[in-house]
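Written out below as structure tokens is the structure these notes cover.
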Amino acid sequence: YFITTYNKYSQQEADINTNAYNFVKACVDYYGLKTKVMLTEGELTDAYLTKSDVIALSQKVADGRSVADISVACHELGHAMQKNDKSAWLAVDLLFSVLSKIANFFLPIALITALILAFIENVSFVAPILFYIAIGLWFLTLIFKVVAIPLELDASKRAYKVLKDNNIFSKEELKATKKVLNAAALTYVGSLFANLYKFIYKIKSLFRRD
């Protein structure tokens, strides 16, 4: 959905006479941020690197002058503003990001070990315990996905405010940018269901009987 929305509004060139890269750099200076703006490989791989305080823009978005390109870049600016304002959501997201990486590492180990022990008579009683631990680890990764949603929504809200309050976009352009930013937020909602599907599929594959 986001790709479709992005492609649609990437055809609508913004009235401001600059590309997304220069626009974001100007905003960084305007708001007195210490954030660096750099290019990254790939298509629509735009991101904000919290630890290094870097806005990484894909080449296509950086060079783009469309409503969609500037909206995407401004969303990443929103994350930089969150860090500058010491947003509580960003702090919580960083915490769960670390916990999620740990959980993702131990999750398959717990599942595989539970499956093996289930067939060893003397220690089979440990299998259900490990299985429930695996479920707990998965829920931890799910919480990270949930926490990311309000964080992303807040970044989009900040991006919209920048474009509106500084009269950068016209009313028609603001309508378009809201659609782009909302579509981006929906990708995080979709990832919740994708995460759930992957976990269920993994459980079924481990316990499937030929």
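Of Ser124, Ser97, Ser87, which has the largest mean-square fluctuation in a 10 Å C-alpha GNM of the chain?
For the chain, modelled as a Gaussian network with Cα springs under 10 Å, the answer is Ser124.
Select one label from (i) 15.6; (ii) 13.5; (iii) 11.9: the one whose number is mean projected area of the Cα convex hull in nm² as derived from the coordinates shown.
(ii)
Pulled fully out, how much extra length does the chain show between Asp29 and Ile120, if you take 0.36 nm times their separation in residues and subtract their Cα-Cα distance? Kindly include the intermediate steps, with their values, before the conclusion.
Numbers: separation 91, 0.36 × 91 = 32.76 nm, distance 6.36 nm.
Length gained, Asp29 through Ile120: 26.4 nm.
Show me the chymotrypsin sites (Phe, Trp or Tyr not before Pro) within segment 75-129 that DSSP assigns to loop and that have at most 14 other Cβ atoms within 10 Å of their Cβ. Present the calculation step by step, with values, prior to reporting the outcome.
Values: sites: Trp89, Phe96, Phe105, Phe106, Phe119, Phe125; in loops: Phe119, Phe125.
Counting only loop positions with at most 14 other Cβ atoms within 10 Å, the chymotrypsin sites (Phe, Trp or Tyr not before Pro) in segment 75-129 are Phe119, Phe125.
Taking the Cα centre of each part, how many Å lie between segment 103-119 and segment 126-179?
Taking the Cα centre of segment 126-179 as reference, the centre of segment 103-119 is 30 Å away.
Suppose we keep just the DSSP beta bridges with both residues in the chain; what percent of those would be antiparallel, to 5? Could you put the intermediate results ahead of the total?
Numbers: 4 of 9 bridges.
Approximately 45 percent, going by the DSSP bridge assignments.
Specify the residue with the greatest mean-square fluctuation among Ile109, Ile135, Ile120, computed from a Gaussian network of the chain linking alpha-carbon atoms under 10 Å apart.
In the Gaussian network model the winner is Ile120.
Ignoring ligands, DNA and RNA, what accessible area per residue does the chain give at 1.4 Å, in Å²?
Values: 12160 Å² over 210 residues.
Spelled out: the 1.4 Å probe surface of the chain, per residue, equals 58 Å².
Please name whichever of Gly64, Tyr9, Ser52 sits farthest to the positive end of the charge dipole of segment 1-94, dipole taken about the Cα centre and charges placed at Cβ: Lys and Arg +1, Asp and Glu -1.
Ser52
Given segment 26-157, what count of lysine pairs have C-alpha atoms under 17 Å apart, with each pair 8 or more places apart or on different chains?
Total qualifying Lys-Lys pairs in segment 26-157 comes to 11.
Would you work out what percent of the accessible area of segment 77-117, with all protein chains in place, is carbon or sulfur (probe 1.4 Å)? Can you show the working numbers first?
Numbers: 1670 of 2220 Å².
For segment 77-117, the apolar C and S fraction of the accessible surface comes to 76 percent.
Please report the net charge: other residues with Cβ closer than 10 Å to the Cβ of Lys60, K and R +1, D and E -1.
On the way: positive: none; negative: Glu43, Asp46, Asp63, Asp69.
Around Lys60, the charge tally is -4.
Identify, among Val92, Ser124, Ser156, the residue whose Cα sits farthest towards the positive end of the charge dipole of segment 57-167, taking +1 on the Cβ of Lys and Arg and -1 on the Cβ of Asp and Glu, with the dipole about the Cα centre.
Result: Ser156.
D for segment 84-176, whole µm²/s, Stokes-Einstein with Kirkwood Rh over alpha-carbon pairs at 4 °C and 1.567 mPa s: what number?
Values: Rh = 16.3 Å.
Taking Rh from Cα pairs, D becomes 79 µm²/s.
The values are calculated or read from the model by the stated rules, or taken from the named source; none is laboratory data. Computed from a predicted model, the values in this text were never measured in an experiment. Cβ sites come from the backbone with ideal geometry, for glycine too, and all protein chains shown count toward neighbours. The accessibility values were calculated without ligands, DNA or RNA, using every heavy atom of the protein model including side chains. Shrake-Rupley method; radii C 1.70, N 1.55, O 1.52, S 1.80 Å.
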